[in-house]
1. Just the accessible area for Cys281, please: 1.4 Å probe, Å², rounded to the nearest 10?
2. If I model a spin label as a point 7 Å beyond the Cα along the Cα-Cβ vector, how far apart are those points for Glu135 and Phe447 in nm?
3. For the stretch 287-429, what's the relative contact order in percent, using C-alpha pairs closer than 8 Å and at least 6 residues apart?
4. Show me 483-490, 442-449 ranked by packing, highest mean number of other Cβ atoms within 10 Å first.
5. Give me the angle, in degrees from 0 to 90, between the Cα long axis of helix 327-346 and the longest principal axis of the Cα atoms of the chain, rounded to the nearest 10.
6. Please compute the contact order of the stretch 289-351 in relative form: average sequence separation of alpha-carbon pairs under 8 Å and at least six residues apart, divided by the residue count, as a percent.
7. With every protein chain present, what accessible area does Val310 have (1.4 Å probe, heavy atoms only), rounded to the nearest 10 Å²?
8. What does the charge dipole of the stretch 371-501 about its Cα centre add up to, to the nearest 20 debye, if the Cβ of each Lys and Arg holds +1 and the Cβ of each Asp and Glu holds -1?
Amino acid sequence: MKKSKPDILYGFIVTSFLCLAIFSIFKLASYEKNIETTYETFGETPVVVTSPIGKKNDQLIFISHGFAGSTTFMRPIAIALAEAGFITIRFDYLGHGEHPDPYSGDITTIKGATQNFVKQTEIIIDHFLNKYKLETGLIIGHSMASDIVIRTAKKSSRIEGVIGISTYSDAVTETHPKNLLILNGQWEPPLRAKARDIFISVGIENPTEGKLYGEFNNGTARKAISVKNSDHIGVLYSSTTQREIIAWANQIYQENYNIVTNSIGLWAGLLFFSLFILFICSLKFFPIRKLERGTLNFRNFIFASILATVIIPYALKFFTPTLVAFPAHNHLISHLLLMSIILIVLTPIKLNKPLIKSFNLHIFAFLFVTFSLVFGNILNSYVSTFYLSDGRVGLFVLMAIGCVPIMIVLQSFYQVEKYGWAIGNLGKLFILISLSISIWLDLEKLFILGYAVILFIAFSIIFGFLANLLNRKYNDVVSIGTANGLVLAWTFATALPIYIP
């Protein structure tokens with residue numbers, strides 16, 4: 001029996017993207033075949049040591065991540081440096097990645113949270129320099145950490161050079177820190193302007209990007225570079241960034257380490273995209289079930305949404321039940337749960353049969369495992385920490401109290417007979433507005449919710465889109481909504497920094 005043209009095309013697409021996924025996996029693995037990576041804990045701080053195999057390795061470079069990041073963000077740079085011949089030390093800051101302890105302190109003053117991060121960095125530097133019996137090292141910091149490493153290097157005579165990526169700091173002087181390289185993305189105009197201001201403030205007239213000022217032998221070397229075609233995150237994956245860092249280290253140490261670069265960002269992106277397409281193709285194998293459309297009163301929906309959007313932030317401003325010790329997470333749980341209750345009570349959706357009867361364990365398991373383990377593994381390996389550490393399992397369980405109900409409600413909105421897509425997206429928009437109001441009402445305690453907003457948008461664009469495609473085929477609001485809610489809770493529990501004012 002001859003195959004139809006659609007079947008041939010489908011087979012070609014599946015085969016092509018499966019091959020691309022496999023090739024991407026092998027390509028990513030090839031970047032680390034000449035290096036070894038070990039994981040350890042110093043005190044409570046998770047540390048990743050990446051070093052070359054079979055090469056002289058007597059130079060140490062410390063690598064610090066930015067706000068809401070982790071050691072994973074800095075992996076491409078660490079691998080490039082290790083391939084070149086350096087030992088690299090990456091670590092998670094307090095409250096970030098897999099670090100079990102929250103960070104604290106006033107975020108508006110240098111003596112608050114920043115000073116705590118500086119102290120943590122100093123301890124890490126001294127410990128590993130002593131461990132490897134070295135006198136000096138270099139340090140790299142991205143975004144928030146650019147200021148931290150500059151302040152750390154000013155206090156420590158053991159740091160011979162600093163590389164700030166996406167740099168913002170007011171701590172630079174003419175002679176401190178020693179040998180400063182600033183790397184900003186081409187699409188970061190405010191930070192590029194800040195780099196110019198930094199150089200002017202230390203006496204450099206009309207500073208030009210790409211030009212070296214000062215001298216390495218007395219520690220006054222200064223240089224700012226714009227990395228082409230990169231933004232705040234893309235600059236971490238750029239081969240230009242890797243090349244410039246190694247070249248800077250060579251000049252400081254007067255060595256000639258090989259300049260080795262990688263394209264981890266490209267291949268990780270292609271792997272993620274391939275699996276995204278393969279997920280869509282896999283829907284062909286799910287049986288089609290009649291889509292049970294529902295109805296709701298649109299006026300009631302708008303009234304309930306506006307009421308919840310405005311009332312909840314003000315109500316929680318005066319009283320928030322204490323479920324966890326971290327204000328932002330605590331607020332998020334209550335906020336999403338209250339939003340769910342108000343929408344369920346004031347905007348009931350009429351369906352032909354109870355939602356609970358549509359629950360299918362296989363659909364739930366497929367979606368949850370695919371999102372959290374398959375896609376999650378790529379995120380955890382090449383973007384930022386996504387797997388639950390021991391200290392965040394309880395936080396995940398409590399986050400689910402707020403996330404699961406709201407995601408079931410939102411999924412049911414997409415099921416509405418008329419304009420379901422628009423109503424579902426409006427529901428998400430009202431949540432974003434409501435969280436923004438909460439941030440505005442209490443910025444000092446809830447500023448981390450700003451990152452929660454970004455995560456929610458990214459989650460909706462990627463995982464929300466795939467979940468809706470599956471639901472249109474299989475018609476299973478509760479299973480899909482529950483899986484979405486648990487993965488969203490997982491995301492908030494792992495990606496949001498834990499902070500106590």
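1. Looks like 20 Å² after rounding.
2. 4.0
3. Values: 112 pairs, mean separation 48.4, N = 143.
With pairs under 8 Å counted, the relative contact order is 34 percent.
4. On the way: 483-490: 24.9, 442-449: 18.4.
With the highest mean Cβ count within 10 Å placed first, the list reads 483-490, 442-449.
5. That helix lies at roughly 20 degrees to the long axis.
6. Numbers: 43 pairs, mean separation 35.4, N = 63.
For the stretch 289-351, the relative contact order is 56 percent.
7. So the heavy atoms of Val310 present about 70 Å² to solvent.
8. Numbers: 6 positive and 5 negative charges, 52 e Å.
Using Cβ point charges on Lys, Arg, Asp and Glu, the stretch 371-501 gives about 260 debye.
The values are calculated or read from the model by the stated rules, or taken from the named source; none is laboratory data. Values in this document were obtained by computation on a predicted structure and should not be read as measured data. Using ideal geometry, Cβ is built from the backbone for each residue, glycine included, and neighbour counts are taken over all protein chains shown. When the accessible area is computed, the model is the full protein with side chains, heavy atoms only, and any ligands, DNA or RNA have been set aside. Shrake-Rupley method; radii C 1.70, N 1.55, O 1.52, S 1.80 Å.
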